[in-house]
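In what follows, a structure is listed as structure tokens, so that the remarks can point back to it.
The values are calculated or read from the model by the stated rules, or taken from the named source; none is laboratory data. As the structure is a prediction and not an experimental result, all values here were calculated from the model. Counting neighbours? That spans all protein chains shown, and the Cβs are built from the backbone with ideal geometry, glycine included.
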Amino acid sequence: MKVSHILICLVSLSLLAIPASADLTIVNSSVISTGDIRPPWSPAWSPDGNSIAYVAYDASSNQQIFTINIDGSGKKQVTYDTTYITKKWGVTWLDENNISFLSYDTGGLEKIYLVHPDGTGERKLLDDMTRQGRAPWDKPPLVGGTSWNPVKKNNTLYRV
């Protein structure tokens with residue numbers, strides 16, 4: 001009886017299977033060498049498509065945000081965090097003036113941060129005792145990412 005149920009399930013699944021096709025054309029590909037000892041992660045394209053922001057370790061083994069041009073030149077360290085837990089993830093290049101990322105604050109809570117691509121203006125959003133909008137005792141930690149939502153009204157761009 002169990003074997004017949006398994007066969008019925010397999011037949012049902014095969015009937016529901018939909019063939020998938022994808023039209024993907026790779027026009028050009030290249031490898032960018034960042035010069036980092038460990039592989040970088042959490043890459044994000046700049047709005048103009050000429051640079052990438054990403055997370056990698058600095059010389060002191062702290063996780064930092066870096067930018068690099070797509071031809072591999074112009075690598076720049078954007079954050080210089082050594083004061084608290086320096087784990088970073090969820091990098092998003094919001095616009096030409098802001099890169100967002102997730103990190104822990106001094107209280108050990110996950111927070112969204114913004115920084116300018118030149119390394120100035122780093123700031124934490126939601127400076128309170130919540131973890132990305134959740135109470136600190138609400139476990140496990142929420143590992144997520146940020147996204148950008150530009151709102152356009154009457155040909156004027158509003159950032160929310």
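Name every residue in segment 80-97 that is surrounded by 17 or more Cβ atoms within 10 Å (Cβ to Cβ) and part of a strand (DSSP E or B), in order of residue number.
First pass over segment 80-97, keeping only residues surrounded by 17 or more Cβ atoms within 10 Å (Cβ to Cβ): 81, 86, 88, 90-94.
Passing the criteria: LYS88, GLY90, VAL91, THR92, TRP93, LEU94.
Residue-by-condition table, conditions (1) closer than 17 Å to LYS87 by Cα; (2) at pLDDT 65 or above:
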site	(1), (2)
CYS9	no, no
PRO19	no, no
THR25	no, yes
TRP41	yes, yes
PRO47	no, yes
ASN50	no, yes
VAL55	yes, yes
GLN63	yes, yes
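Could you please tell me which pairs satisfy a Cβ distance under 7 Å, a separation of 6+ or placement on different chains, a first residue in segment 103-126 that is in a loop (DSSP other than H, G, I, E, B), and a second residue that is basic (Lys, Arg)?
These pairs meet every condition: ASP105/LYS111; ASP105/LYS124; LEU109/ARG131; LEU125/LYS111; LEU126/LYS111.
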